[in-house]
Amino acid sequence: APEPATLVIFGVTGDLSRRKLLPAIFGLWQDGLLGSAFNIVGVGRQEMTDEEFKDYAVKALQESKETDTIQPGSLEKFRELLFYEFGEFGEDEVYDLVGKELDRAEEAHGGRKNALFYLSTPPSLFEPISNGLGRLGLADQSEGWRRLVIEKPFGRDLDSARRLNAAIHDTWDESQVYRIDHYLGKETVQNLMAIRFGNAIFEPLWNRGYVDHVQITAAEDLGLEGRAGYYEEAGIVRDMLQNHLMQLFALTAMEAPAAFDADAIRDEKTKVLRAVKPIPAGRVGEVAVRGQYGPGSMDGQKVPGYREEPGVDDGSRTSTYVAVKLEIDNWRWQGVPFFLRTGKRLPKKVTEIAVVFKRAPLGIFPGGLERNVLAFRIQPDEGVSLKFSSKSPGQEMVLREVVMDFRYDAFGAQLESPYSRLLLDALIGDATLFPREDEVDHAWQIVSGILEAWDVRPGKGQTPDFPNYAAGTWGPEDAEKLIGPDRRWRRL
Ligand code: BG6
């Protein structure tokens, strides 16, 4: 269990906190993983008493689909851990009140004044809050450890990410900073490392000698979900590609770390991100395809196009789909393309990493040769499968593709939410699953040219021919050309 600590959540009345954070914390606490000396201080701009906040949190837990089964009496006890402070994030007063909460926690359960500050606010507030905590000495670790958790998006481009990093480092040492990418908290994403580096049979094949190409897909059936304000500004490249897909890519392509520790792993991820062949704006047309969904149907129901979503401009140039080909300039991967695709309003929710192997060198059986595929299903139906050809029963030598399948549910355990895992890691002080400053920087560098070429401001960049895929289909046709002609996207 972590040491006694106070978790301070800025922006506690926001969507993320209500839907994911509070349920994750509650789950950890109910399972006894947080110890007894634990407090939660919610901070917001909204005026509320402690009692009102407790009611708010309990209601959030009762309403969230992510909340574990609530044990009798649990909510009443959990309420006692909750406190609330409010104020303007640009002024000192609110940080002073937070400081007093830490004093009170120390008096209540002794020990040191350890604190985890979680910024679950709009990004424009990251810097003011980090500065405010700094001004009042709350980042100082002489009376207990102090850590800062920052939600995405971490910057909106390379420059702003660098400025944000610099601003945060005015107050915090990099070792105190935990940047969240919830994909790293997924069991199956961690399993990628377990399979690669915990077995001897895969790694010898994991290179240009045997791998033809790699496909990474994060498809979502959902559309905007009422997030037009954010999404119109962000688009798919900032929302998914720069962070979640780059992380999946780095874990798939990196070298074996010397140890399973935060810096060894992050060093290797950074190295491979750095080796990605740059994509200047002028080359974007060759290696990337963008899309925006139009009206279509999902599960037999008609759904509106992106431009018809509430809050979206009817001439919006925001992309809701991206496919990109990454090439890596290192010895292991020379000549092996990595194809990444992600989009909203695709036929279904599925995240998968597929390592597609080269064909056998000589076909001695009738019919063509297929490529073997090792696929990591991140979600849903979590598991790992290997596709290969086998003789199908009968007189003739006819080969058919078959699948060897490991399903995660074979463990019989429920997969914990990524937020529980990451929160607990941050409380314990394990930064392995949090992207480091240089990783984030390189991930931005990779997508910089794409953002530049696809600038959403009218009159900037090339004008897209949007909408170019119907909701409920697998994205624009050009994506097939990007991967083809001898390869094709997996039908998932
Ligand atoms: C978030 C994005 O980071 O990830 C969302 O902002 C997206 O747009 C979500 O829907 C996908 O996460 P998951 O865990 O549901 O695959």
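The values are calculated or read from the model by the stated rules, or taken from the named source; none is laboratory data. No experiment lies behind these values; they were computed from the predicted model shown. All Cβ positions, glycine included, derive from the backbone under ideal geometry; neighbour counts span all protein chains shown.
The table for this structure:
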{"item": "Lone unmet requirement of (1) under 19 Å from V355 (Cα atoms); (2) in contact with a Lys or Arg (Cβ under 7 Å, 6 or more places away or on another chain) for P204", "result": "(2)"}
{"item": "Members of segment 85-122 that are in contact with a Pro (Cβ under 6 Å, 6 or more places away or on another chain) and within 24 Å of K20 (Cβ to Cβ)", "result": "F89"}
{"item": "Flag if D212 is at pLDDT 95 or above and either surrounded by fewer than 16 Cβ atoms within 10 Å (Cβ to Cβ) or within 12 Å of the ligand (Cβ to nearest atom) (or both)", "result": "no"}
{"item": "D381, sole failed condition from (1) out of contact with any Pro (no Cβ under 8 Å at 6 or more places or on another chain); (2) more than 21 Å from A219 (Cα to Cα); (3) at pLDDT below 95", "result": "(2)"}
{"item": "Count of segment 348-364 residues which are crowded, with 16+ Cβ neighbours inside 10 Å and of a type outside the set (D, E, K, R)", "result": "7"}
{"item": "Subset tally (residues that are surrounded by fewer than 18 Cβ atoms within 10 Å (Cβ to Cβ) and either in contact with a Leu (Cβ under 6 Å, 6 or more places away or on another chain) or in contact (Cβ under 8 Å) with a residue 24 or more places away in the chain (or both)) for segment 1-30", "result": "4"}
{"item": "The one condition in (1) modelled with pLDDT of 95 or more; (2) within 16 Å of the ligand (Cβ to nearest atom); (3) in contact with a Gly (Cβ under 6 Å, 6 or more places away or on another chain) that T121 fails to fulfil", "result": "(1)"}
{"item": "Elements of type strands (runs of 3 or more DSSP E) in segment 293-366, at least 3 residues being within 26 Å of the chain's Cα centre (by Cα) and touching a residue at least 12 places away in the same chain (Cβ under 8 Å)", "result": "321-326, 338-343, 350-357"}
{"item": "Search result, residues across segment 348-387 that are among the aromatic types (F, W, Y) and either within 16 Å of the ligand (Cβ to nearest atom) or in contact with a Phe, Trp or Tyr (Cβ under 9 Å, 6 or more places away or on another chain) (or both)", "result": "F357, F376"}
{"item": "Residue match in segment 314-336 (condition: within 16 Å of the ligand (Cβ to nearest atom), within 24 Å of A194 (Cα to Cα) and crowded, with 18+ Cβ neighbours inside 10 Å)", "result": "no"}
{"item": "Of all residues making up segment 144-169, the number that are surrounded by fewer than 21 Cβ atoms within 10 Å (Cβ to Cβ), in contact (Cβ under 8 Å) with a residue 40 or more places away in the chain and among the acidic types (D, E)", "result": "1"}
{"item": "Residue count for segment 155-200, restricted to those that are charged (D, E, K, R), within 16 Å of the ligand (Cβ to nearest atom) and part of a helix (DSSP H, G or I)", "result": "1"}
{"item": "Positions within segment 375-395 being exposed (fewer than 13 other Cβ atoms within 10 Å of the Cβ) and without any contact (Cβ under 8 Å) to a residue 24 or more places away in the chain, in sequence order", "result": "S390, K391, S392, P393, G394, Q395"}
{"item": "Test: residue in segment 130-148 that is part of a strand (DSSP E or B) and within 21 Å of the chain's Cα centre (by Cα)", "result": "yes"}
{"item": "Hits in segment 142-154 - residues which are of a type in the set (D, E, K, R) and within 16 Å of the ligand (Cβ to nearest atom)", "result": "E151, K152"}
{"item": "Long-range neighbours under 9 Å by Cβ, at least six apart or interchain, first residue over 19 Å from A470 (Cα atoms) within segment 221-238, second within 12 Å of the ligand (Cβ to nearest atom) and charged (D, E, K, R)", "result": "R227/D15; Y230/D239; A234/R227; R238/K152"}
{"item": "Any hit, segment 48-55, residues being modelled with pLDDT under 95, more than 30 Å from E225 (Cα to Cα) and in a helix (DSSP H, G or I)", "result": "no"}
{"item": "Scan of segment 18-47 for residues that are over 12 Å from L82 (Cβ atoms) and assigned to a helix (DSSP H, G or I), ordered by number", "result": "R18, R19, K20, L21, P23, A24, G27, L28, Q30"}
{"item": "Flag if P310 is away from the ligand (no atom under 16 Å from the Cβ), modelled with pLDDT of 95 or more, in contact with a helix residue (DSSP H, G or I) (Cβ under 8 Å, 6 or more places away or on another chain) and not acidic (D, E)", "result": "yes"}
